[in-house]
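Written below as structure tokens is the structure these notes are about.
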Amino acid sequence: MRKLAAGNWKMNGLAASLAEVKALTEAHPAPACEMLLCPPATLIAQMAGAAKGTALMVGGQDCHPKASGAHTGDVSAAMVKDAGASHLILGHSERRADHGETDALVRAKAEAAMAVGLVAIVCIGETEAERDAGRTLNVVGTQLAGSVPDGATAATLVIAYEPVWAIGTGRTPTLPEIAEIHAFIRARLTDRIGAEAAGVRLLYGGSVKPSNAVDIFALANVDGALVGGASLKAADFGAIVAALSAA
Ligand code: PGA
């Protein structure tokens, strides 16, 4: 499978930030891995325009589970696709925490994304308190079971394992811990969707930087990264793309 370098700009970026897209795509015209940036909804169409004809794919960070209707402020999966996106990040821990998103809601959003032909990047991961209580595998297993739609395939689903305590903190699990959890996710996903699970990209996310990318990408069952802070600058994200391309 081709590995995936996915960047999550979160609530960052104005039109001027598209200069980073130009720099990134000029520096990495044909990376060996897939390259994706997920800007705020306001920039999807502009970024998709800037990425046209390059190796860069563009994604969204959320959608409403319904196709249309009276939901002020929301966007549907079809709208995100219409703006030029190919992927949707769903169930990010910041949305689970800030907006009370449950596994059932994340699953409904993932179904909506898949229904219009978008790849759903479903995020799971434990909090620090859950980790300290020794509940990491339990929490991750429950989120996986509840958030992944039936019938998901390697072509429609990506899983991002992001320990909440590692996001934006500069801290990461140890390499053996990442390997253990990714192996666990692969096994649980196989229980859930069968042989398709072997081809589903499992991304690690949480303080991925150029300095730790090579070691993390060498681990079994790590098929890419979901990158927040280090995706905002073309030089940093480009270094991660290069590390993943060489892995
Ligand atoms: P970070 O964020 O790379 O800034 O830690 C990762 C994420 O939230 O996807």
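All of the numbers you see were taken from the coordinates with simple rules; none came from a lab. For clarity, every value in this text was computed on a predicted model and none was experimentally measured. All Cβ positions, even for glycine, are placed from backbone atoms using ideal geometry, and neighbour counts span all protein chains on display.
Hey, which lysines would be in cross-link range of residue 233, C-alpha to C-alpha under 24 Å, not counting anything within fewer than 8 residues on its own chain?
List returned: 3, 10, 22, 52, 209.
If you find the alpha carbon centre of segment 1-55 and of segment 100-148, how far apart are they in angstrom?
25 Å
Considering the convex hull of the alpha carbon atoms of segment 149-226, report its projected area averaged over all viewing directions, in nm², one decimal. Could you put the intermediate results ahead of the total?
Details: hull surface 20.1 nm².
Convex hull of Cα atoms, orientation-averaged projection: 5.0 nm².
Which residues' amide hydrogens lie under 5 Å from the amide hydrogen of residue 119, considering only partners 5 or more residues apart or on another chain, with H built in the peptide plane?
Here the answer is 87, 88, since their amide H atoms fall under 5 Å of that of residue 119.
Going through the DSSP H helices of the chain, which span 20 Å or more along their own axis at the Cα atoms while scoring at least -0.5 as a mean Kyte-Doolittle hydropathy?
On the way: long enough: 175-193 (27 Å, 0.23).
Once both thresholds are applied, what remains is 175-193.
Could you work out the relative contact order of segment 112-159, using alpha carbon pairs under 8 angstrom and six or more residues apart, expressed as a whole percent? Walk me through the numbers before you get to the answer.
Values: 35 pairs, mean separation 25.9, N = 48.
With pairs under 8 Å counted, the relative contact order is 54 percent.
Per 10 Å bin, what percent of the C-alpha pairs of segment 44-92 does each bin hold, from zero upward?
Spelled out bin by bin, segment 44-92 gives 28, 50, 20, 3 percent.
In the chain, which longest range has no trypsin sites (Lys or Arg not before Pro) that are both DSSP loop (not H, G, I, E or B) and surrounded by at most 12 other Cβ atoms within 10 Å? Present the calculation step by step, with values, prior to reporting the outcome.
Numbers: sites that count: 2, 52, 171.
Value returned for the longest uninterrupted segment is 53-170.
In segment 1-129, how does Rg compare with the Kirkwood Rh, expressed as the Rg/Rh ratio over alpha carbon atoms?
Numbers: Rg = 14.7 Å, Rh = 15.2 Å.
Rg/Rh for segment 1-129 comes to 0.97.
Can you report the principal axis dimensions of the chain using only the alpha carbons, biggest first, rounded to whole angstrom?
For the chain, the Cα spread along each principal axis is 45, 44, 33 Å.
Please compute the Kirkwood hydrodynamic radius over segment 16-84, one decimal place, Å, based on all pairs of different Cα atoms. Spell out each step's value before the answer.
Numbers: mean 1/r = 0.0774 Å⁻¹.
This gives a value of 12.9 Å.
Take every Cα pair under 8 Å in segment 1-93 that's 6+ residues apart, average their separations, divide by the length, and report that relative contact order as a whole percent. Display every interim value, and only then the final one.
Working: 151 pairs, mean separation 25.4, N = 93.
27 percent.
Check the straight Cα-Cα distances from residue 109 and name the lysines below 16 Å, setting aside those fewer than 8 residues away within the same chain.
The qualifying lysines are 66, 81.
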